[in-house]
Amino acid sequence: MARLLVVEDDATIGAALHTSLRSHGHTITWARTALSALKEAADTDLDLVLLDLGLPDLDGVEVCRRLRQAQPGAVIVILTARADEMDVVVGLEAGADDYLTKPVRLTELHARIRAHLRRNAGAPDQMPAVPVGDLVVDRASRRVTVNGHELTLRAKEFDLLARLAAEPEKAVSRETLMSDVWDENWFGSTKTLDVHVAAVRRKLAEVGDAGAVPQIVTLRGHGYRLDVPSAPPSAR
């Protein structure tokens, strides 16, 4: 199965997570402090990290940033008692792929972990590179370029942009995006979608002007659409 790191200082919660996750066949390392978690991340290839934010030696958001740097390909799921919307946004912007608040049902936790691991282990896409204006999405190599400049995208950011680029100028509902990019059985908050859209928008803006690069448009009450510039800069 998968190699998981549980970062949790509460002995009761940590023990319960360790036992439950191990019973599903995963290899589990339980770190009770931020420093021990970061050491494990530096020494071991991880598939998924389950991260509490209320750690005794370092703020969990900073731990999330460092874990993302150390393990760019791993899934990071925050599991915390912090439930304010701003905490969710900050956690996701720090590099987390998902955000769950305590208490959480173990059935929901296992379902989310299965979904993330299944997505991360998917076979390479054999579809040809898709040009959308100055944007090129290459699914096989999982690379995105704008006018030859490569964007550095996290796994879910790439999947989100690739899904929108597959049907440019077409409205895609929030439910469809959550199903196609995250999981068909997703339940709970979709705030993670909005944070990932905002991150992709920032990265697109960094490599080209608004008139030349496709834009992700918000469709209030529905979802998003990838709009293509009407003409390249040389034609204007």
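Each reported figure results from applying straightforward, stated rules to the coordinates on display, with no laboratory input. Please read all numbers here as calculations on a predicted model, not as lab measurements. Glycine also receives a Cβ, built like all others from the backbone with ideal geometry; neighbour counts cover every protein chain displayed.
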**Prompt:** So, with +1 on the Cβ of K and R and -1 on the Cβ of D and E, and no other charges, what is the size of the charge dipole of segment 21-130 about its Cα centre, to the nearest 20 debye?
**Reply:** 380 debye
**26 Å Cα-Cα threshold exceeded, pairs from LYS102/LYS156; LYS39/LYS203; LYS170/LYS191; LYS170/LYS203** = LYS39/LYS203
**Item:** Largest-first principal axis extents of the Cα set of segment 129-199 (Å)
**Value:** 38, 23, 22
**Message:** Please compute one quarter of the surface area of the Cα convex hull for the chain and express it in square nanometres.
**Reply:** 13.1 nm²
**Fill in**
Residue span ASN147 to ASP57: 0.36 nm per residue of separation minus Cα-Cα distance leaves a gain in nm of 28.0 nm
**Fill in**
Percent antiparallel among DSSP beta bridges confined to the chain, nearest 5, equals 50 percent
**Prompt:** Just the projected area, averaged over all directions, of the convex hull on the alpha carbon atoms of segment 1-139: how many nm²?
**Reply:** 9.7 nm²
**Request:** Largest first and in whole Å, give the semi-axes of segment 4-60's equivalent ellipsoid, each being the square root of 5 times a Cα gyration tensor eigenvalue.
**Result:** 17, 14, 7
**Asked** Anyone know which of ALA155, ALA16, ALA94 comes out most mobile in the 10 Å Cα GNM of the chain?
**Response** ALA16
**Request:** Using the 2.2 N^0.38 Å rule of thumb for compact globular proteins, work out how segment 46-115 stacks up: its C-alpha Rg over that value, please.
**Result:** 1.03
**Item:** Cleavage-rule hits, GluC sites (Glu not before Pro), segment 136-171, DSSP coil, Cβ neighbours within 10 Å at most 13
**Value:** GLU169
